[in-house]
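Report on the structure given below.
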């Protein structure tokens, strides 16, 4: 089946630093979603991308839909302690809502 | 606005006991509904999805089942729990387009 790879698997950064993470696949996706999950809670949707090349921001977060449609990137600027969590990417293959594929997540730790 | 509820929030059950987790969505109609399981420190595994009342698709073979008795209600069940059923169960809904929203989750521990 389709798989998404996320890198890095985990990262430790200093507060105030910028963060970059990405999601890649061998399949072409029509939609890319980025989520953040805090411990013991459900994932929260951060950014949704619908067009190849699209660049979308949500506050300090910026995500891009790769031109090849096989990858996506998430950047966080000026990290703060509440950015700690697991970041998941998800891709949608078709035009039907049921075909979402999730990556394994990037665990972010922010050191004060 | 739409909201999604799950209950219970936490559950501790003995091996071999039955299970029923409930998920309801408010503020929308005819949503696509999903059940995921998340093992500790791991990603999300899709268990079931539903595009309408009584329509359930299973992604992985297991001793779990799902039902959708009403448009905005999705239930995850088991007749006999296994130790390996422990995990964090997440319900999600989609308007049928290009986004998906998650509930708060249920932490299940099977002893």
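Taking the conditions exactly as written (within 11 Å of chain B (Cβ to nearest Cβ) and either crowded, with 20+ Cβ neighbours inside 10 Å or at pLDDT below 95 (or both)), does residue A:65 satisfy them or not? Steps first, answer last, please.
Working: within 11 Å of chain B (Cβ to nearest Cβ): no; either crowded, with 20+ Cβ neighbours inside 10 Å or at pLDDT below 95 (or both): yes.
The answer is no for residue A:65.
Checking each residue in the range B:49-61 for being assigned to a strand (DSSP E or B) and within 20 Å of residue B:3 (Cα to Cα) picks out B:49, B:50, B:51, B:52.
Residues of the range B:4-15 that are surrounded by 11 or more Cβ atoms within 10 Å (Cβ to Cβ) and part of a loop (DSSP other than H, G, I, E, B): B:8, B:15. Within the range B:62-111, the set of residues being assigned to a loop (DSSP other than H, G, I, E, B), within 14 Å of chain A (Cβ to nearest Cβ) and surrounded by fewer than 21 Cβ atoms within 10 Å (Cβ to Cβ) comprises B:95, B:96, B:97, B:98, B:99, B:104.
Quick check: anything in the range A:43-53 within 19 Å of residue B:40 (Cα to Cα), assigned to a loop (DSSP other than H, G, I, E, B), facing chain B (nearest Cβ under 9 Å) and touching a strand residue (DSSP E or B) at 6+ places or on another chain (Cβ under 6 Å)? So that I can check it myself, show each step before the final result.
Looking only at the range A:43-53, we keep the residues that are within 19 Å of residue B:40 (Cα to Cα), and these are A:43-44.
Subset that is assigned to a loop (DSSP other than H, G, I, E, B): A:43.
Those still in the list that are facing chain B (nearest Cβ under 9 Å) too: A:43.
In the following step, the residues that additionally are touching a strand residue (DSSP E or B) at 6+ places or on another chain (Cβ under 6 Å) were identified as A:43.
So far as the range A:43-53 goes, yes, one or more of its residues are within 19 Å of residue B:40 (Cα to Cα), assigned to a loop (DSSP other than H, G, I, E, B), facing chain B (nearest Cβ under 9 Å) and touching a strand residue (DSSP E or B) at 6+ places or on another chain (Cβ under 6 Å).
Exactly one residue out of A:56, A:31, A:106 is surrounded by 17 or more Cβ atoms within 10 Å (Cβ to Cβ), within 11 Å of chain B (Cβ to nearest Cβ) and more than 11 Å from the chain's Cα centre (by Cα): that is A:31.
The values are calculated or read from the model by the stated rules, or taken from the named source; none is laboratory data. Every value quoted in this text rests on a predicted model; they were computed, and no experiment measured them. Note: ideal-geometry Cβ built from the backbone for every residue, glycine included; neighbour counts use all protein chains shown.
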